[in-house]
Each structure stands twice: as C-alpha cells, then as structure tokens.
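Since the structure comes first, as structure tokens, the remarks are kept for the end.
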Amino acid sequence: MHKASHHFDLLNWWIDSDPETVFALGALDFYGKNGKLRAENCRTCPHTKECKFYWNVMQDPNCIKLYVNNEKHDGYLRDGCVFRNDVNIFDKMAATIRYKNGVQASYSLTAYSPYEGYRIAFNGTNGRIDAWIQESRPVQDVDYDEIVLFKNFSKRQYIHVPFGTSGHGGGDDLLRDQIFLPDIPDPLQQCAGTRDGAFACLVGIAARNSIASGQPVKIADLTSVKPQEKKMYHRVL
C-alpha cells in the first residue's frame, strides 16, 4: 500500500484506464524475524559493527530536526530496526492487474533489491518500449535515463531523458507548482485528482485481499466508484 501505490498510480496513468481485477502473491522473506541481529533502532543497537544496515541518524542535521526532535509527538523512529520481530510487511510481492480496457499488467516488487527505482516495459502490437529508472544511483558520467524503443522489423532507438531538476525525476517542482500555481497548463493530465489517488490505493487493497484469500479480487467489490474503460480526469486539489 505505502510503496506500491505510487507505482500503481503511474500504471493507471500510462495505461489510461481503471484497474478492474487484481490477483497477487506476497511474502516476508528477508526483514523482520528473518534477521539474525535486532534492536529497537540503530541508536540503541549493540550490533552496529556487525549490521550492514546500521545508519547513524544523528549525523544528519536535517534528519535530527525533521525526525529525532519530533519522536515525542508521533513515536516514529527514522532509524527503526528493519529486523524487529513486529515487522510484518511483505518484502516480496507480485501482482497481475487487468484493466477495464483489456490491458494486462504484471507487477513485481522486491523491497531488498540493491537499488531503488523501477524497470518498466510496454508490449504492443507494433513493438516494445523499455525504460530503467534508478532513483538512487552512484555518481557516474551520464546525466540521463534511457528509454529503448523497439519497433517491429526495425532498428531499436535509444532515447535519452535528462534528469529532472528536482527530486523524484523532476516531479517535486511540478507538484509544488500544481499546488501553489493551480492555473499552470497540464496538457498530459499529470495532476492527479482524488479519484486517481483512490484507484492507486484500491489496487494495493485488492492485492492485499487477494494475498489473504488466494483469489482474484474485483475493484468494483471494494468501492462504489465504478472502474471506467477510459480514465476520468478531474482536477481536484
């Protein structure tokens, strides 16, 4: 729900239709009780020299101001141990999503992958599009992400997409402008409304219910908002 809903929101926008049915599998294979070392958080951990996940939150002034100084209000530990026994969120998930317009999507998420980002591929009757987006990457020579366009019976094309000028691939600036400059043009309908947010969450809810039941889950059984073959765009702020 927390992580994958962002991906589902992108899928819904790319496919330009509402999700209809979801079947999913999930498991907790790496974090939580699977670890051999654990504590409440990194600051109180006796295994700092052994644990590869040790992170000193006190070395980051911004994290101290944003998180440490406010723990007394919400109880959230930014350096909470990922191997606590009460950690029970799936770290391996897979879902098949059928959309109202007939598109089928196969989704996989591994929370212990060695990089943060995503790979996406679109298969169509005229060819295929591949993209690999790394949100966190080491310093390197190239300053772009790459999209590969494969047309049937034709040479592949490599399209370079410059890095955004703000966080999340340039999305942070766009989001701020959409909030504080609501009249700016939005030709690609990138501004998500409440309906878009609801359907992104509903895919995650359907996936969780499917994992629990072992059966496909229809989105229409979860909400009174009926899936449409063509997405309905309503700019609601």
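What follows is calculated from the coordinates using simple rules that are stated; it is not laboratory data. Since the structure is predicted, the reported quantities are computational estimates derived from the model, not experimental observations. Quick reminder, even Gly has a Cβ in these numbers, built from the backbone with ideal geometry, and neighbours come from all protein chains shown.
Can you list the aspartates and glutamates whose alpha carbon sits under 16 Å from that of Lys72, skipping same-chain ones fewer than 8 residues off?
Within the straight-line cut-off, Lys72 pairs with Glu40.
Would you list, by chain and number, the aspartates and glutamates whose Cα falls below 19 Å from the Cα of Lys226, excluding same-chain residues fewer than 8 positions away?
Counting by Cα, and skipping residues close in sequence, Lys226 has these aspartates and glutamates nearby: Asp9, Asp16, Asp18, Glu20, Asp196.
Could you tell me which chymotrypsin sites (Phe, Trp or Tyr not before Pro) in the range 91-125 are loop residues by DSSP with no more than 14 other beta carbons within 10 angstrom of their beta carbon? Let's see the in-between values first.
Values: sites: Tyr99, Tyr107, Tyr112, Tyr115, Tyr118, Phe122; in loops: Tyr112, Tyr115.
Qualifying residues, ordered by number: Tyr112, Tyr115.
All other residues with a Cβ under 9 Å from the Cβ of Lys230 taken together, and with Lys, Arg as +1 and Asp, Glu as -1, what is their net charge? Present the calculation step by step, with values, prior to reporting the outcome.
Working: positive: Lys100, Lys231; negative: Asp16, Asp18, Glu229.
With Lys, Arg at +1 and Asp, Glu at -1, the neighbours total -1.
For the range 140-224, state which chymotrypsin sites (Phe, Trp or Tyr not before Pro) are in a DSSP loop and have at most 16 other beta carbons lying within 10 Å of their beta carbon. Could you put the intermediate results ahead of the total?
Numbers: sites: Tyr144, Phe150, Phe153, Tyr158, Phe163, Phe180, Phe199; in loops: Phe153, Phe163.
Qualifying residues, ordered by number: Phe153, Phe163.
Roughly how tilted is helix 194-213, in degrees to the nearest 10 and between 0 and 90, from the longest Cα axis of the chain?
Orientation of helix 194-213: about 70 degrees from the principal axis.
Per DSSP H run of at least 4 residues, take -39500 (n - 2.57); add these up for the chain, divide by its residues and hand me the 222 nm value, nearest 500 deg cm²/dmol.
Details: 5 runs with 52 residues, N = 237.
Result for the chain, helices only: -6500 deg cm²/dmol.
How would you rank Asp173, Asp183, going from fewest to most other Cβ atoms within 10 Å of each one's own Cβ?
By the 10 Å Cβ count, ascending: Asp183, Asp173.
Taking only Cα atoms, what is the 0 to 90° angle, nearest 10, from helix 171-180's long axis to the longest principal axis of the chain?
Its long axis makes an angle of about 80 degrees.
To make sure I understand the rule: partners must be aspartates and glutamates, Cα under 19 Å from the Cα of Lys151, and not fewer than 8 residues away in the same chain. Which ones qualify?
Result set, ordered by chain and number: Asp130.
Label point 7 Å out from Met232 along Cα-to-Cβ: which residues of the range 97-114 have amide N under 17 Å?
Under cut-off, by backbone N: 100-101.
Please go through the residue pairs Lys92/Lys218; Lys36/Lys92; Lys33/Lys92; Lys155/Lys230; Lys3/Lys218; Lys100/Lys155 and name each one whose alpha carbons sit more than 25 Å apart in this structure.
Working: Lys92/Lys218 22 Å; Lys36/Lys92 19 Å; Lys33/Lys92 15 Å; Lys155/Lys230 32 Å; Lys3/Lys218 21 Å; Lys100/Lys155 33 Å.
Too far apart for the 25 Å limit: Lys155/Lys230; Lys100/Lys155.
For the chain, the longest stretch holding no GluC sites (Glu not before Pro) located in a DSSP loop with at most 12 other Cβ atoms within 10 Å is which? Could the numbers behind the result be given before it?
Numbers: sites that count: Glu40, Glu50, Glu116, Glu135, Glu229.
Counting only loop sites that pass the neighbour cut-off, the longest clear stretch is 136-228.
Of Gln134, Gln59, Gln157, which has the largest mean-square fluctuation in a 10 Å C-alpha GNM of the chain?
For the chain, modelled as a Gaussian network with Cα springs under 10 Å, the answer is Gln59.
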